[in-house]
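Visitor: Here it is: the structure, laid out below.
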Amino acid sequence: MATYIVLASFTDQGIRAGKDTVKRADATREHAKKMGVTMKNIHWTTGSYDVVIEFDAPDDATMAALGMAIGSAGNVRTQTLRAFSRDEMTGILAKVK
């Protein structure tokens, strides 16, 4: 499984329905699970992003599909980052010539 960090910002629609953000997060967790993706952590934050979520997904295509599903609801705009563990980074560095 690959790890992805999603940075999300509320849209106007999302902030108007801000009281439902925890319910929406629960629904996203369940939707992700049906796609074979695990929502590992979610944090509501201050600053440039309103929410930071960590997912484990089987591949980039599955994560992209989940991102499209999340975005199509209209409550957040997202940026998705592929994250590498220490072991993965060690393997990457071993390939550097």
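Read-outs: derived from the displayed coordinates by stated rules, not from any lab. As the structure is a prediction and not an experimental result, all values here were calculated from the model. With ideal geometry, Cβ positions are generated from the backbone for all residues, glycine too; neighbour counts draw on all protein chains shown.
Visitor: Tell me, VAL96, VAL76, VAL52, VAL22 in order of fewest to most beta-carbon neighbours within 10 Å?
Guide: VAL96, VAL22, VAL52, VAL76
Visitor: Using the basic label-point model (7 angstrom from Cα toward the beta carbon), what is the TRP44 to ALA73 distance in nanometres?
Guide: 1.4
Visitor: Among (1) 2.28; (2) 1.16; (3) 1.00, which is the computed Cα Rg over 2.2 N^0.38 Å?
Guide: Recomputing Cα Rg over 2.2 N^0.38 Å here picks out (2).
Visitor: What ranking of GLU54, GLU30 emerges when the number of other C-beta atoms within 10 Å of each C-beta is taken as an exposure proxy, fewest first? Could the numbers behind the result be given before it?
Guide: Values: GLU54 15, GLU30 10.
Least crowded to most crowded, the residues run GLU30, GLU54.
Visitor: Between ARG16 and MET35, how many nm apart are label points set 7 Å from Cα along the C-beta direction?
Guide: My value for the distance between the label points is 2.5 nm.
Visitor: Hey, in the GNM for the chain with a 10 angstrom Cα cutoff, which one of GLY67, GLY47, GLY14 fluctuates hardest?
Guide: Taking springs between Cα atoms under 10 Å, the residue moving most is GLY47.
Visitor: So, one more: Return the single residue from ARG16, ARG24, ARG86 with maximal mean-square fluctuation; model: Gaussian network over the chain, springs between Cα atoms under 10 Å.
Guide: Among ARG16, ARG24, ARG86, the largest mean-square fluctuation in the Gaussian network model of the chain belongs to ARG86.
Visitor: Explain nothing, just compute: Karplus ³J(HN,Hα) = 6.51 cos²θ - 1.76 cosθ + 1.60, θ = phi - 60°, for every residue of segment 57-74 in order, whole Hz, x for Gly and Pro.
Guide: 10, x, 6, 4, 5, 5, 5, 4, 5, 5, x, 5, 5, 4, x, 5, 6, x
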